[in-house]
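Undergrad: Please find one structure pasted underneath; my questions will follow.
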2 protein chains.
Amino acid sequence: MNLFEDIPENLPEELMEVLAESSNVRIERIVSDGHASPSDFWYDQDQNEWVLLVSGSAVLEFDDRKLEMNPGDHILIPAHEKHRVASTAQTGKTIWLAVFF
Amino acid sequence: MNLFEDIPENLPEELMEVLAESSNVRIERIVSDGHASPSDFWYDQDQNEWVLLVSGSAVLEFDDRKLEMNPGDHILIPAHEKHRVASTAQTGKTIWLAVFF
């Protein structure tokens with residue numbers, strides 16, 4: 001199993017796959033291809049999310065700031081901290097690893 | 001916070017840092033510099049471990065097999081599946097991301 005493999009060339013929607021999970025944890029690979037959250041859409045999650053940008057680039061938006069994410073960058077988004085994906089790279093895929101817990 | 005930063009040049013021991021945790025999950029960065037498990041040492045953990053090789057390379061050893069790990073490779077090691085690190089790259093650091101849950 002490799003994070004860089006099995007990625008379709010065309011991704012009309014973001015690709016989300018569960019890599020491992022238990023009753024209280026879910027590890028996902030997310031592949032974006034220029035996708036962003038709809039304007040005015042904010043995630044408001046019941047679980048904490050730790051997210052790593054593996055390749056590509058993105059901008060995360062919070063209430064009070066925007067955060068550019070490059071390979072290796074990671075951040076803990078506490079439960080109910082509202083956030084959205086302002087943008088992801090227009091060229092090439094952006095691969096995220098997310099742990100919800 | 002970036003997985004590739006804040007790595008000392010000299011690592012007499014493996015470097016382990018908790019990046020995020022809760023009562024039932026722990027996310028760690030592990031940096032190896034040619035380190036391997038002592039011969040005859042086997043990990044036998046109470047928690048599941050999902051591990052991703054981020055950079056470098058390594059060989060994991062299980063009862064019945066050896067598994068070469070290259071960047072992007074990931075594996076779920078169920079609780080109490082005995083395993084050891086047979087080797088890590090002799091040149092350059094090997095960075096792991098491990099989720100214990």
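The values are calculated or read from the model by the stated rules, or taken from the named source; none is laboratory data. Note that the coordinates shown come from a computational prediction; the quantities given were computed from them, not determined experimentally. Backbone-built Cβ (ideal geometry, glycine too); neighbour counts: all protein chains shown. When the accessible area is computed, the model is the full protein with side chains, heavy atoms only, and any ligands, DNA or RNA have been set aside. Shrake-Rupley method; radii C 1.70, N 1.55, O 1.52, S 1.80 Å.
Undergrad: If you find the alpha carbon centre of the stretch B:31-95 and of the stretch A:41-70, how far apart are they in angstrom?
TA: Taking the Cα centre of each part, the stretch B:31-95 and the stretch A:41-70 sit 29 Å apart.
Undergrad: Report, to the nearest whole %, how much of the accessible area of the stretch A:16-100 belongs to carbon and sulfur atoms, 1.4 Å probe, protein only.
TA: 46
Undergrad: Accessible area per residue, 1.4 Å probe, Å², for chain A: what's the number?
TA: Each residue of chain A exposes 51 Å² on average to a 1.4 Å probe.
Undergrad: Right, another one. Would you please give the residues with an amide H less than 5 Å from that of A:Ser55, counting only those at least 5 places away or on a separate chain, with H modeled from the backbone geometry?
TA: A:Ile95
Undergrad: Residues of B:20-29, mean number of Cβ from any other protein chain within 10 Å of their own Cβ, rounded to a whole number?
TA: Across the residues of B:20-29, the mean count of other-chain Cβ atoms within 10 Å is 5.
Undergrad: Under 21 Å from the Cα of B:Lys93, which lysines turn up, not counting those fewer than eight places away in the same chain?
TA: B:Lys66
Undergrad: So, one more: Within the stretch B:1-83, list the chymotrypsin sites (Phe, Trp or Tyr not before Pro) lying in a DSSP loop whose Cβ has at most 12 other Cβ atoms in a 10 Å radius.
TA: Passing both the DSSP loop test and the Cβ count: B:Phe41.
Undergrad: Jot down the radius of gyration and Dmax of the protein assembly as shown, Cα atoms only, both in angstrom.
TA: My reading of the Cα-based Rg and Dmax gives 17.4, 56 Å.
Undergrad: At 7 angstrom along the Cα-to-beta-carbon line, where would the label on B:Trp42 sit relative to the other copies? Give the distances in nm, shortest first.
TA: Spelled out, the distances from B:Trp42's label point are 5.2 nm.
Undergrad: Report the local net charge at B:Ile30: Lys and Arg +1, Asp and Glu -1, summed over other residues whose C-beta lies under 13 Å from its C-beta.
TA: -3
Undergrad: List the distances, in nm and shortest first, from the label point of A:Leu67 to the matching label points in every other copy, placing each point 7 Å from Cα along the Cα-to-Cβ direction.
TA: Output for A:Leu67: 3.0 nm, nearest copy listed first.
Undergrad: Please find the FRET efficiency linking A:Asn10 to B:Val59, where r is the Cβ-Cβ separation and R0 is fixed at 41 Å, and quote it to the nearest 0.05.
TA: 0.70
Undergrad: Follow-up. Under 12 Å from the Cβ of B:Glu61, count the other residues' Cβ atoms, weight Lys and Arg +1, Asp and Glu -1, and hand me the total.
TA: Taking every Cβ under 12 Å from that of B:Glu61, the sum is -1.
Undergrad: Taking θ as phi - 60°, what are the ³J(HN,Hα) couplings along the stretch A:12-18 by the Karplus curve (6.51, -1.76, 1.60), each to the nearest whole Hz, with x for Gly and Pro?
TA: My calculation for the stretch A:12-18 gives x, 10, 4, 9, 10, 9, 7 Hz in order.
Undergrad: So what are the ³J(HN,Hα) numbers for the stretch A:51-61, from phi and the Karplus equation (6.51, -1.76, 1.60; θ = phi - 60°), rounded to whole Hz, Gly and Pro as x?
TA: Whole-Hz 3J(HN,Hα) from phi for the stretch A:51-61: 10, 10, 8, 8, 8, x, 7, 7, 10, 8, 10.
Undergrad: So how exposed is A:Glu21, as accessible area in Å² (1.4 Å probe, rounded to 10)?
TA: Roughly 120 Å² of A:Glu21 is accessible to a 1.4 Å probe.
Undergrad: Another question about this same structure. So if I average 1/r over every pair of distinct C-alpha atoms in chain B and take the inverse, what Kirkwood radius in Å does that give?
TA: Result for chain B, one decimal place: 13.9 Å.
Undergrad: Using the Karplus curve 6.51 cos²θ - 1.76 cosθ + 1.60 with θ = phi - 60°, what ³J(HN,Hα) values do you get for each residue of the stretch A:39-50, in whole Hz, with x for Gly and Pro?
TA: Per-residue couplings from phi come out as 4, 6, 8, 10, 5, 9, 9, 6, 10, 5, 10, 9 Hz.
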